[in-house]
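The values are calculated or read from the model by the stated rules, or taken from the named source; none is laboratory data. Keep in mind that this is a model prediction, so the values were computed, not measured. Positions of Cβ are backbone-derived with ideal geometry, glycine not excepted, and every protein chain shown enters the neighbour counts. Quick note on the areas: whole protein, heavy atoms, side chains included, nothing else; ligands and nucleic acids left out. Shrake-Rupley method; radii C 1.70, N 1.55, O 1.52, S 1.80 Å.
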Amino acid sequence: MITERENSTPERIRLAEEAAFERNWKRWGPYLAERQWGTVREDYSEGGDAWNYLTHDQARSRAYRWGEDGLLGWCDRKSRINFAPVLWNGKDPILKERLFGVSGTQGNHGEDVKECYYYLNSTPTHSFTRALYKYPMSEYPYADLVDTNTQRGPDEPEYGLEDTGVFENGEYWDVETTVAKAGPSDLCWRLRVTNNSDAEQTIHILPSVWMRNSWAWGEDHFESKWAKPSIKLDGDRLQLEHSDMGKFHFYLDESDGVEHEWLFTENDSNLKLLFGQQNKAKYQKDAFHEYLINVRKDVVNPAMEGTKAAAWMKVTVQPGETQEVRCRLIAVEDDHGQRFEDFAEVVATREAEESEFYDCMLPEGLSEEESRVAIQGYAGLLWSKQFYYYIVKYWLEGDNGVDNATPARLEGRNKDWRHMFARDILSMPDKWEYPWFASWDSAFHMVAFARLDPDFAKKQLLLFLREWYLHPNGQIPAYEWSFSDVNPPVHAWGVWQLHKSMEMNGIEDLEWLEKAVQKLSLNFTWWVNRKDVDGNHLFAGGFLGLDNIGVFDRSQELGEGAHILQADGTAWMGGFCSQMLEMCLKLAETRPAYEDMASKYFEHFVRIARAMNEEYGRGLWCEEDGFYYDHLVLKTGEKIPMKVRSMVGLLTMMGVAEIDMKKVEKMPGFKKRLDWFIENRPDLAEYTSYCDKHRADKESRLLMLPLRDRFEKLLERMLDEDEFLSDYGLRSLSKDHKDHPYSIVWKGEKHTVSYVPGESDGYMFGGNSNWRGPIWFPVNYIIITSLRKYQHFYGDKFQVEFPKGSGVMMSLGEVADQISDRLVSMFLPKACGCRPALSKMKKYCQGQEWQDLVLFHEYFHGDTGQGLGASHQTGWTALAVKLMRDRVRHGLSKE
């Protein structure tokens, strides 16, 4: 429950003002992408080669069409005005304007950022944010990182910046960027650079502000109606003017006596350098690079105006000392000449308010380390919001209209999504590695957002169901590489989780829930019509977000008339049914029309449960192994179970719903159809646990996909430390496959699945993720929440051995607590002083320089808990913070 004390904090008041459209507190935020190059939306190549069409090396010279990027930067909610620090150590061949990483074709495990940076603080309205970047003093090893990663194979680890030795002996700068809002459009920006070496060092700092290029793309898009924006020197300040934003002033504090030089250019492509063509603008995007690195004085505008500006200062800092740079961006109507008079007070006040907000929001009982992890987890979640701009119709037709619309492009990627119009602040999985939304990731992000900012979470979940995102056929867009790909149908789960979280905190919004349910019913129908291949309630679906978990690449056709019946596809749909049933029953309490919809989802659920559990090989259950498997269906109709014990079998547990019979008594329409179904279709009812004989309490009934005895067998497998149960959570593949790989020969080729607890050892789906052993937060969280549902129904009488072979019996709720405890432990220092998730590098251990810094990786090593994949995937991995809250609630928090 949100307390009265928390509701009275300045940050909660700001959130309320924003939600009521009283003050525009979220107009500005850390919404700037960390990588715009190498994205689909910037790719205008014939063959869809996004990584090579616009590269990191071109990014400094080439204007972006659909966004901007920068180093831990900020922008308004449409990225019209942007600001970020630019750095140079005097040795690098380029300015440090953006984060560097290897592309999908260069990395031995796909794309990977090769930088060290950390999100430290943020409030939900971004009234106070802080982040840290570690910049080497020696020449940045660009070539070494590319060459070494390119040469390494998939069986070798990634080669990171930390591995190059550039951080040894403190030879690096700590660059801290802080923004505090004095008002919705009054931003106090502080940069601090600290010399960590034992010698005097010099660094070049360029606080930069620029306009997104909206003027160079022809006259076929609505932003072309804007007048070209401008930045001009006006005395000792900059004046920014944008026809859609108004006028702003940008100040640089000169009180410390550090000399600076204002530089101006245009945010336009250097066509001559890139393509040997005549430049359209006299000054280009890469002017500051040319001015400092190549000492070209003719590249900047002497008239002191343009669409991109920076203050260049060369600062010498003594060992252990810090140099501070202060800037202020303020709307002209808010500028009353205050400049920097109240700057320190604003920053200090907002920092104190951020502390107060989290002191109130985080539950009592968290240890100091848990609080540190929670605050940085929430910071990463909030810093991962990004302006995402992609209008597919314009993109397909080319920058300047149909003249550039070649047949290959018009019939290429995302051709069926011409209605797609994205121009929003979205929660990204990782703003460098995945700077585009993934719909199933977003559902988990919003569960993590639920306690932090429920208004943002509601709007985000509803956004993907609006007509400019949702396909007319009901499909939710997957991600920009292929909107038509199929992500797991977890949107309903996210909606229901968010509703229950808000309910727990005293917030109920049935109008929002009703809007979501209506659109979700369209998505459900799409699934039934498109993914139930044989019409028998066993579902396919494709890769379903679990990349290489199967024997085959599940996103590709098998050929020879064969297809796969997927245990996880069927489980996801069973879960979809149960969530829609529960939501419809909730709405039916005050809206009787939803009784009919509830009946529909009840019957769908029962039919899926029967199909999954049928005997004699007709379902997906293997009695011999006590597990649910994917089945290969041949053209002849023969079904071959593919005996890979993986997360796809465990996910059947998510198909669970509890029906409150007291409430059903007040729903005569639903009760009548329910009674008729149970009485007249015993052939279907027997495949559910609706009439579970182990539960004498008649006030509620449980629907569950796995029958009771099969559920117990699944639990036995899941809680076996030689199979799924790791010291750090649940593995995605049974460890038993380490010694007993599964193989099948198909079309003359042998396909094998074995236990690989770390990075992928192959290139399926680019090799940048691995579901054959590592621990993944989203599916672990789903299983934990499902176990709590079973606990609520069965109570403490349902006991299982945890771990298997230990002789210790626990309730399902206690099992959920134990799994949560193992997941959370990856982020907390062990007795040796190291956090398992960061144990690879000693600098993160207690007593070392980086001991208080935390990263939230994409997935984790199945045996050691080491963080793997994307290093800033604080979207779904921020669920760790949610689990910490639950640990306290269940009395498990410990120092």
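Worth a mention:
- Exactly one residue out of Asp198, Asp186 is surrounded by fewer than 15 Cβ atoms within 10 Å (Cβ to Cβ), farther than 21 Å from Gly306 by Cα and in contact with a helix residue (DSSP H, G or I) (Cβ under 9 Å, 6 or more places away or on another chain): that is Asp198.
- Helices (runs of 4 or more DSSP H) fully within the range 1-64 that include at least 2 residues being surrounded by 22 or more Cβ atoms within 10 Å (Cβ to Cβ) and modelled with pLDDT of 95 or more: 10-19.
- Considering the range 395-509, the qualifying helices (runs of 4 or more DSSP H), each wholly inside and each with 2 or more residues that are on the phi < 0 side of the Ramachandran plot, out of contact with any strand residue (DSSP E or B) (no Cβ under 9 Å at 6 or more places or on another chain) and modelled with pLDDT of 95 or more, run over 439-449, 454-463, 491-504.
- Within the span defined as the range 286-299, every residue fails to be touching a residue at least 60 places away in the same chain (Cβ under 8 Å), farther than 20 Å from Ala84 by Cβ, surrounded by fewer than 18 Cβ atoms within 10 Å (Cβ to Cβ) and not aromatic (Phe, Trp, Tyr).
- Qualifying residue in the range 804-821 (condition: surrounded by fewer than 22 Cβ atoms within 10 Å (Cβ to Cβ), in a strand (DSSP E or B), modelled with pLDDT of 95 or more and out of contact with any Lys or Arg (no Cβ under 9 Å at 6 or more places or on another chain)): yes
- Output for the range 760-800, where each listed residue is over 25 Å from Val447 (Cβ atoms) and either out of contact with any strand residue (DSSP E or B) (no Cβ under 6 Å at 6 or more places or on another chain) or of a type in the set (A, V, I, L, M, F, W, C) (or both): Ser760, Asp761, Gly762, Tyr763, Met764, Gly795, Lys797, Phe798, Val800
- From the options Trp66, Trp28, Trp37, residue that is closer than 30 Å to Leu498 by Cα and aromatic (Phe, Trp, Tyr): Trp28
- Going through (1) within 22 Å of Cys75 (Cα to Cα); (2) in a strand (DSSP E or B); (3) not hydrophobic (A, V, I, L, M, F, W, C) one by one, Pro124 falls short only on (2).
- Flag for Lys662 being part of a helix (DSSP H, G or I), out of contact with any Phe, Trp or Tyr (no Cβ under 6 Å at 6 or more places or on another chain) and open to solvent by 10 Å² or more (accessible area, probe 1.4 Å): yes
- Selected residue (only one of Gly153, Gly104 is open to solvent by 20 Å² or more (accessible area, probe 1.4 Å), in a loop (DSSP other than H, G, I, E, B), modelled with pLDDT under 95 and touching an Asp or Glu at 6+ places or on another chain (Cβ under 9 Å)): Gly104
- Qualifying residue in the range 316-332 (condition: touching a residue at least 12 places away in the same chain (Cβ under 8 Å), surrounded by fewer than 19 Cβ atoms within 10 Å (Cβ to Cβ) and part of a helix (DSSP H, G or I)): yes
- Matching residues in the range 555-589 - criterion: being out of contact with any helix residue (DSSP H, G or I) (no Cβ under 9 Å at 6 or more places or on another chain) and either assigned to a loop (DSSP other than H, G, I, E, B) or hydroxyl-bearing (Ser, Thr, Tyr) (or both): Gln556, Glu557, Leu558, Gly559, Glu560, Gly561, Ala562
Quick grid of which residues meet (1) more than 21 Å from Leu544 (Cβ to Cβ); (2) touching a residue at least 12 places away in the same chain (Cβ under 8 Å); (3) of a type in the set (Ser, Thr, Tyr):
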site	(1), (2), (3)
Tyr394	yes, yes, yes
Asp399	yes, yes, no
Thr406	yes, yes, yes
Arg409	yes, yes, no
Arg413	no, yes, no
Phe421	yes, yes, no
Trp432	yes, yes, no
